[in-house]
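**Q** Okay, here's the structure, questions in a sec.
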Amino acid sequence: MEQLTELEIAFFQLRMGFGPADRCVDWAVERLRLDEEGDDLEVVLLASARGRDEVLPLAEAIIERYRGVQRLSDQFLAGKFIVELRAAYLAGRESVSSLDAILTRLYPALRYPDWLVMLSRNCEYATDVPDFEQSFEDEFHYISSLWAQSESLAAFEGEYSRATSDRHDVGCA
């Protein structure tokens, strides 16, 4: 099953409340269009599903069948979401305030990973304190750049430096 990572990212965002169900449906439609479904009934059903309640169990079943215990971690999927958010921010489709709302939910949902501490904090502070805007942007660039090139959580963790993140604090930049 090709492009399963794309479905996992869309499923993660939907499950977390950040993405539309249509993204999972579009994935299934594309698999059918390319004749890559391999007579998988769940893919066929997903292509015609409507709404979160129909899409979530079908996407979950597909991911479970093809990935099993090798499913991508929520932290990895969140990292790839951060890359998408950075692109949307640079394009003007996201703002510091909208990102703060997302990060405020994402950070505890991921059980407070070390790599998200400074980004979440700087984003929150940047909503009220202009001096934090540059620190937020520096950390956002740093984190999203690392995730953009990482093929796994382990690869990201091998490159991530808390000391670099700490330098993106106000007064340290």
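The values are calculated or read from the model by the stated rules, or taken from the named source; none is laboratory data. Everything numeric here is computed off the predicted structure, so don't read it as measured data. Note that each Cβ is placed from the backbone with ideal geometry, even for glycine, and that neighbours are counted across all protein chains shown. These accessible areas exclude ligands, DNA and RNA; they are computed on the full protein's heavy atoms, side chains included. Shrake-Rupley method; radii C 1.70, N 1.55, O 1.52, S 1.80 Å.
**Q** Quick check on my filter: what residues within region 68-92 are of a type outside the set (Gly, Ala, Ser) and assigned to a loop (DSSP other than H, G, I, E, B)? Spell out the reasoning first.
**A** Initial filter on region 68-92 (of a type outside the set (Gly, Ala, Ser)): 69-72, 74-77, 80-86, 89-90.
Matches in region 68-92: Arg71, Leu72.
**Q** Can you go through Asp39, Asp26 and tell me which one is out of contact with any Gly (no Cβ under 8 Å at 6 or more places or on another chain), not in a helix (DSSP H, G or I) and not hydrophobic (A, V, I, L, M, F, W, C)?
**A** That would be Asp39, the only listed residue that is out of contact with any Gly (no Cβ under 8 Å at 6 or more places or on another chain), not in a helix (DSSP H, G or I) and not hydrophobic (A, V, I, L, M, F, W, C).
**Q** Just name the residue that is surrounded by the fewest Cβ atoms within 10 Å (Cβ to Cβ) out of those in region 93-117 that are of a type in the set (Asp, Glu) and in a helix (DSSP H, G or I).
**A** Looking at the filtered set, the residue picked out is Asp114.
**Q** Taking region 127-143 only, how many residues are touching a helix residue (DSSP H, G or I) at 6+ places or on another chain (Cβ under 9 Å) and either at pLDDT below 95 or open to solvent by 10 Å² or more (accessible area, probe 1.4 Å) (or both)?
**A** Result for region 127-143: 9.
**Q** Another question, then. Select, from Glu139, Glu60, Glu133, Glu64, the only residue that is touching a residue at least 12 places away in the same chain (Cβ under 8 Å) and closer than 25 Å to Asp22 by Cα.
**A** It is Glu60.
**Q** Across region 15-28, what is the total count of residues that are among the β-branched types (Val, Ile, Thr) and surrounded by fewer than 17 Cβ atoms within 10 Å (Cβ to Cβ)?
**A** 0
**Q** Within region 17-25, identify whether any single residue is modelled with pLDDT under 95, more than 30 Å from Ala126 (Cα to Cα) and aromatic (Phe, Trp, Tyr), and answer yes or no.
**A** no
**Q** Going through region 1-33 one residue at a time, which ones are closer than 16 Å to Ala61 by Cα, β-branched (Val, Ile, Thr) and touching a helix residue (DSSP H, G or I) at 6+ places or on another chain (Cβ under 6 Å)?
**A** Listed by number, the list holds a single entry, Ile9.
**Q** If you don't mind, there's one more thing I want to ask. Hey, Ser120 hits all of (1) in contact with a Phe, Trp or Tyr (Cβ under 7 Å, 6 or more places away or on another chain); (2) of a type in the set (Ser, Thr, Tyr); (3) open to solvent by 50 Å² or more (accessible area, probe 1.4 Å) but one; which does it fall short on?
**A** (3)
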